[in-house]
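First the structure, in the form of structure tokens, and then the observations on it.
The values are calculated or read from the model by the stated rules, or taken from the named source; none is laboratory data. Just so it is clear, the model here is predicted, and its values are computed rather than measured. Cβ sites come from the backbone with ideal geometry, for glycine too, and all protein chains shown count toward neighbours.
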Amino acid sequence: MQNNIEAILKKNPLIPVATIDNLSQVDSFYSHLTSHGIHCIEITLRTPVSWEAIRLFKERYGKDFAVGVGTIVSPEDIERCKELNVDFMVSPGLGDAMIDVFNSSGIPFLPGVSTPSEIIQGLNRGWTFFKFFPADLFGGIKALKTYGAIFSQAKFCPTGGINGENANDFLQLNNVLSVGGSWLLSD
């Protein structure tokens, strides 16, 4: 079960990836993004205040904003996302222990891949939507063009090295529905 991640990706071609160090950033990021017409955010699990920031963002702005969690690396992370009723989850990669928990979570998720073997494993699980990460280290646009020819059913949201200068080039690819990056929080 893909949990309808496709709808989130199509609605949000630009997904800001936020690392929140201070809870005051919740309000400033919300204001910044909405002023640019963006109504979603992926908050990474990279700081001690990440979970509290996710809870706060969801509580304050979750009615009109898609709040996602990035850097999901364990079944426990997925369970915590369920408790907070987040809108989507993103993983930089995928461990075996996470597969069933992702599938049964009821939350849209985007598993991370970078190699053909990982894409094949995901397709064999019935998944067709993936985070391509880190895009800049694994061939970027050239790799995604190749993957498009080989894996016609796979669709991607590349992150890692995406910026204001190359985002549209990625979005022009037939197999890319959205892109993610931190640059959306700084311009």
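Could you check, for the stretch 71-78, whether at least one of its residues is exposed (fewer than 13 other Cβ atoms within 10 Å of the Cβ) and touching a residue at least 40 places away in the same chain (Cβ under 8 Å)? Taking every residue of the stretch 71-78 in turn, none turns out to be exposed (fewer than 13 other Cβ atoms within 10 Å of the Cβ) and touching a residue at least 40 places away in the same chain (Cβ under 8 Å).
In the stretch 16-42, the qualifying residues are those that are without any contact (Cβ under 8 Å) to a residue 40 or more places away in the chain, over 14 Å from Gly68 (Cα atoms) and not small (Gly, Ala, Ser), and the one that is surrounded by the fewest Cβ atoms within 10 Å (Cβ to Cβ) is Asn22.
Filtered by the rule that a residue be farther than 11 Å from Ala135 by Cβ, under 12 Å from the mean Cα position of the chain (by Cα) and of a type outside the set (A, V, I, L, M, F, W, C), the stretch 167-187 gives Ser178, Ser182. Checking each residue in the stretch 129-166 for being exposed (fewer than 13 other Cβ atoms within 10 Å of the Cβ) and in a helix (DSSP H, G or I) picks out Lys142, Thr146, Ala149, Ile150. Scanning the stretch 85-107 for residues that are of a type outside the set (S, T, N, Q) and either outside any helix (DSSP H, G or I) or touching a strand residue (DSSP E or B) at 6+ places or on another chain (Cβ under 8 Å) (or both) gives Val86, Asp87, Phe88, Met89, Val90, Pro92, Gly93, Leu94, Gly95, Phe102, Gly106, Ile107.
Looking across the stretch 79-98, the residues that are under 19 Å from Cys157 (Cβ atoms) and without any contact (Cβ under 8 Å) to a residue 60 or more places away in the chain come down to Cys81, Val86, Met89, Ser91, Pro92, Gly93, Leu94, Met98.
Quick grid of which residues meet (1) of a type outside the set (Phe, Trp, Tyr); (2) under 15 Å from Lys131 (Cβ atoms); (3) modelled with pLDDT of 95 or more; (4) over 13 Å from the mean Cα position of the chain (by Cα):
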{"residue": "Leu33", "(1), (2), (3), (4)": "yes, no, yes, yes"}
{"residue": "Leu45", "(1), (2), (3), (4)": "yes, yes, yes, no"}
{"residue": "Pro48", "(1), (2), (3), (4)": "yes, no, yes, yes"}
{"residue": "Ala53", "(1), (2), (3), (4)": "yes, no, yes, yes"}
{"residue": "Asp64", "(1), (2), (3), (4)": "yes, no, no, yes"}
{"residue": "Ile72", "(1), (2), (3), (4)": "yes, yes, yes, no"}
{"residue": "Asp87", "(1), (2), (3), (4)": "yes, no, yes, no"}
{"residue": "Phe109", "(1), (2), (3), (4)": "no, yes, yes, no"}
{"residue": "Thr115", "(1), (2), (3), (4)": "yes, yes, yes, yes"}
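One residue stands out in the stretch 34-70 among those that are of a type outside the set (Val, Ile, Thr) and touching a Phe, Trp or Tyr at 6+ places or on another chain (Cβ under 6 Å): the one that is farthest from Thr159 (Cα to Cα), namely Tyr61. Among the residues of the stretch 82-128, those that are in contact with a Lys or Arg (Cβ under 8 Å, 6 or more places away or on another chain) and surrounded by 23 or more Cβ atoms within 10 Å (Cβ to Cβ) comprise Val86, Val90, Ser91, Leu110, Pro111, Gly112, Val113. The requirement of being assigned to a helix (DSSP H, G or I) and surrounded by 19 or more Cβ atoms within 10 Å (Cβ to Cβ) is not satisfied by Val67.
Sort through Ser114, Ser178, Ser182, Ser186 and tell me the only one that's under 20 Å from Gly70 (Cα atoms) and touching a helix residue (DSSP H, G or I) at 6+ places or on another chain (Cβ under 8 Å).
Testing whether each residue is under 20 Å from Gly70 (Cα atoms) and touching a helix residue (DSSP H, G or I) at 6+ places or on another chain (Cβ under 8 Å) leaves just Ser178.
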